[in-house]
Each structure stands twice: as structure tokens, then as C-alpha cells.
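S.K.: The structure's right below; bear with me while I get my questions together.
Each value in this text was obtained by applying a stated rule to the coordinates, not by laboratory testing. Values in this document were obtained by computation on a predicted structure and should not be read as measured data.
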Amino acid sequence: MREKHSYDVALHFTQKDHITLYHDFALDILTTLPDVSHREAQSIPQVLLNINPYIRSAETKEKLRQIAKTHRGESFRFFPAEYGVDDRYLDELKQLFPNIQLFDWQNMHIDQIVKQISTFSFGVAARLHVLVLLRFLQIPFEPLIYQEKITTFLQTCFDESSSSSL
């Protein structure tokens, strides 16, 4: 599965029947960051959840259980940054977050996506571009670390005295 640029490149070097094109939210968010200086708060706090297939550890599941307890009574929205990959985990997340709803951004403009995300009170994310967006919007978040690039991002953004809940 590849986004458009790597899809076009791969067509020249591999068998075409093994390549699938998909849309990656990162390409949108990294090219356009609209003005969200007037963040609107929701009457019921919302938590944005973003996971991917690389965070399947028992430690991650325990972290998610703790977040479910800490944010009990809040509304949960699952944000699959890569459709065809991340969205496969919605049913699994429903076991921990029974009221979770899908944040389906596929037919939204990037400005609409960012404006809606700006209303969230908290975020939990594994994908780097979602963490970057949460940081940009100044939304407190809990990272799900699965690669060195996430750790590097966190070290770049925060001093070592910061707590894990950012």
C-alpha cells in the first residue's frame, strides 16, 4: 500500500499487481496548516485516538486502558491517519472505548479536518504527523511510542523534565 508519489515510483520497479494506492493524511497536514487561533471548546470533552498496526504491545494496551479510565464520560473519536491500515482497529478499540466513533475525514477539506481536531480536549496518537498536529494545536496528548522518530520528536519539543502526559 502506497501514497501517490511512492506508488508512481514503485510502478517502475516492481510488479504492478502487488501495489495499491491509498490516501495518506500526512501529505495534507504537512503541506497545509490553516489558522486555528480561535479554538472552540466542545460542551462534552472529546478525546482523539490514533493508533496503527505497530503498537500492539501489552504496554500500549495497558496505557489505553488507563486513558479509558482517566477520560471516562468523555467522547472518543478514532482518527485513522492511513485508511486501509489504521481503520482496521476500530472494532478492537470499541472493547476499551465502547462509545468511540469514527472520525471519517476522507471527504473533508484539510481546513475542516484541522478545525474539527482543534476542538478536542486531549489526544492519544501513534502516528508522527498526528502528534505534530496535536502539538501545533496545543492540545495535551499522550504519545504511543513505537519508533525512534517519535522519541526524537518528543525530545525536540519538550525538555526532559516534562511529564509523559503532554
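S.K.: Starting from 0.36 nm per residue, how many nanometres of slack lie between residue 96 and residue 62 once their C-alpha separation is accounted for?
M.R.: Difference between extended and current length: 11.2 nm.
S.K.: Assuming a ≥ b ≥ c are the square roots of the Cα gyration tensor eigenvalues, decide whether region 93-158 counts as rounded (a/c under 1.5), prolate (otherwise, with a/b larger than b/c) or oblate.
M.R.: The shape class here is oblate.
S.K.: Name the shape class, rounded, prolate or oblate, that the alpha-carbon gyration tensor gives for region 55-166, where a ≥ b ≥ c are the square roots of its eigenvalues, rounded holds for a/c under 1.5, and otherwise prolate holds if a/b is larger than b/c and oblate otherwise.
M.R.: Since a/c stays below 1.5, the shape of region 55-166 is classed as rounded.
S.K.: How much length is gained on full extension from residue 72 to residue 111, taking 0.36 nm per residue of separation minus their Cα-Cα distance?
M.R.: Fully extending the segment from residue 72 to residue 111 adds 11.1 nm.
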